[in-house]
Amino acid sequence: MADALLTVENLTKSFGDKLLFEDISFGINAGQKTALIARNGYGKSTLLNILMGRTLQDAGKVTFRGDVKMAYLPQNPEFHASQTVRSFVYAAQKPETEDEWTFEQRIEEILSRMKVDGLLERPMDSLSGGEQKKVALTRILLDDSNLLILDEPTNHLDIEMIEWLEEFLSRQRLAILMVTHDRYFLDHVCSEIIEIDNAKLYRYRGNYEYYIEKKAEREYNERAEVDKARSLYRTELEWMRRMPQARGTKAQARIDAFYELEAKAHTRFDESRPQLTVKTERIGGKILELYNIVHTHPGSTTQTISDFSYVFKRGEKIGIVGPNGVGKSTLLRIMTEQLRPTSGRVVVGQTIQFGYYAQEGMQAPADRRVIDLVRDVAEEIELDGGRSMSAHQFLTYFGFDGTTQYNYFGNLSGGERRRLYLLMVLMANPNFLILDEPTNDLDIYTLEILEQFLQTYKGCLVIVSHDRSFMDHIVDHLFVFEGGGRIRDYHSNYSDYRALMDSTKREATLQTRSEKPRYERSKSAKPKATYKQQKEYEALTTEIEALNAEKATLERQLSWGELTEHTAITNASSRIGEIMQLLDDKEMRWLELDEIVNN
């Protein structure tokens, strides 16, 4: 690990009787982009805090290379209470290679992209938690650093911001270690995954799909080894019981081996959860009907929703997408009659029972135990096929262990409270389920459980989420907020919608370019291209094609784990960043020459 910016050696950490990780080692090289994943409570944030010196390890060593410049984004950013957004952001360290004008331009672009440019004069402590996270991320993206450590960077970002951040980070020649539950973001930015599971660390050099495949192989092999150990353990246990008191060297060695075998034979695995389908109440012929809905905030003349109508059908699953603040949650509140529209009509069928998971979360007495709160909703949860599940079993299914179930609500983390709220909404057996950002603060494992649950859900489902993978796996079609109160019904998933938008944007750009020279020629004739310009244009065309082909090859090799040597992976990640910068420069010059050559 001599070339590593960060080296972790034999790290161990426990909290009380709970062992988070033991004797784990890894390194992060220059330019290497790595995702850290684990179940909630398995030590992800604790590990990051140890790296940053905020928490002490029980054993092991953390070493940073002498030239490392590090920036850290915690889940809950820290700042001086009276500090303004402007002073916080502008405290970023300017790279030595960048002049003041370039740095100022970069500040303006990132402020605009993160949509915090209108907050500059506000005190940091007056912002919402989501706004504080975006401002903190803005500062980190500006800092002169070569190693970023990011804890859930996409939380509180809308899809547009997430996609911009993906592109920005994939371009940078930075080393990154990040915790994220966003699988598409992980795939587009990182070429390596490290996982903490049962206190051990496992490394996967590939994308998320590759990780799932190799993790399944690993667990299959581990189970086979444990089964073999259990079979041998029975034989050795009999020998231990019959063994005479006199013990020679060979006998002692066999005894020592027995205790190692015993530990392995008692290994327990997190068994895969069964398919679970909750019974829903019957839905009548009339479900939910919206007629000519208009909404304008009091004191405003701008319509949040403009003349929107829709008649919901039995069993459909709809995703809602659009920038933050455009009116998605407003539509949900109108649908559930918590908010009256400015004009229009809402008709709710008599059989409809809404289950509404709101962004604001739930309130509960701090001294109530988790299991008691759940039993207030139901002692038993009815499942399809006449089966049922106890409140205790349902909590376990969604990742609440026995200790947490008897913990007090006031002691739960923010993520645990949101997960409990989600679980309580689901277990009430609604036949029309509305989820407003249910994926925030969920780990990847819980997301997969929720996906499985919702895929088999038989009622109507409406989801607002910035998690594109989650949406693609569940919804049938989308309500797209296009701005100005317009809501478009798009009959496909988010990836198809995004591909269509990108294609439309490219066509519009090409159309503009093709029309511009004709317009300009009608005004004044442009000079013909010189021989040198013609040759440069031809060379650039060839170079751009070659660079795109090289980039596609490298991305394929990283995604499918074709590169196994650590140095090769790091070099490939760094080269992709170089290629993207080269393409930026060469394509800009190609466009300039294209107008001259094809005049």
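The values are calculated or read from the model by the stated rules, or taken from the named source; none is laboratory data. Keep in mind it's a predicted model, so treat the numbers as computed, not measured. Cβ sites come from the backbone with ideal geometry, for glycine too, and all protein chains shown count toward neighbours.
Below, the figures for the structure above:
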{"item": "Residue ranges of strands (runs of 3 or more DSSP E) in segment 299-381 with at least 3 members modelled with pLDDT of 90 or more, aliphatic (A, V, I, L, M) and assigned by TED's automatic domain parsing to the domain that holds MET471", "result": "317-321, 343-348"}
{"item": "Number of the exception - ASN146 against (1) touching a helix residue (DSSP H, G or I) at 6+ places or on another chain (Cβ under 8 Å); (2) in contact (Cβ under 8 Å) with a residue 60 or more places away in the chain; (3) farther than 25 Å from ASP502 by Cβ", "result": "(1)"}
{"item": "Residue that is of a type outside the set (Asp, Glu) and at pLDDT below 90, where the choices are ARG173, ARG139, ARG183", "result": "ARG173"}
{"item": "Residue in segment 50-59 that is modelled with pLDDT of 90 or more and assigned to a helix (DSSP H, G or I) present", "result": "yes"}
{"item": "Of all residues making up segment 452-470, the number that are over 12 Å from the mean Cα position of the chain (by Cα), at pLDDT 90 or above and either of a type in the set (Val, Ile, Thr) or more than 26 Å from GLY284 (Cβ to Cβ) (or both)", "result": "3"}
{"item": "Residues that are outside any strand (DSSP E or B) and touching a helix residue (DSSP H, G or I) at 6+ places or on another chain (Cβ under 6 Å), drawn from segment 18-39", "result": "GLY31, GLN32, ALA38, ARG39"}
{"item": "Test: residue in segment 85-105 that is at pLDDT 90 or above, among the small types (Gly, Ala, Ser), surrounded by fewer than 22 Cβ atoms within 10 Å (Cβ to Cβ) and in a helix (DSSP H, G or I)", "result": "yes"}
{"item": "Which numbered condition LYS505 fails, given (1) part of a helix (DSSP H, G or I); (2) modelled with pLDDT of 85 or more; (3) farther than 24 Å from ALA358 by Cβ", "result": "(2)"}
{"item": "Wholly enclosed strands (runs of 3 or more DSSP E) of segment 405-496 bearing at least 2 residues surrounded by fewer than 22 Cβ atoms within 10 Å (Cβ to Cβ) and touching a His at 6+ places or on another chain (Cβ under 9 Å)", "result": "486-490"}
{"item": "From GLU225, GLU217, GLU236, residue being at pLDDT below 90, over 30 Å from ARG171 (Cα atoms) and surrounded by 16 or more Cβ atoms within 10 Å (Cβ to Cβ)", "result": "GLU236"}
{"item": "Some residue of segment 68-77 being without any contact (Cβ under 8 Å) to a residue 24 or more places away in the chain, part of a loop (DSSP other than H, G, I, E, B) and not assigned by TED's automatic domain parsing to the domain that holds ASP441", "result": "no"}
{"item": "Residues satisfying the stated conditions in segment 111-129, i.e. surrounded by 15 or more Cβ atoms within 10 Å (Cβ to Cβ) and free of Cβ contacts under 8 Å to residues at least 40 places away in the same chain", "result": "LEU111, VAL116, ASP117, LEU119, LEU120, ARG122"}
{"item": "Residue list for segment 471-488, restricted to those being at pLDDT 90 or above and small (Gly, Ala, Ser)", "result": "GLY485"}
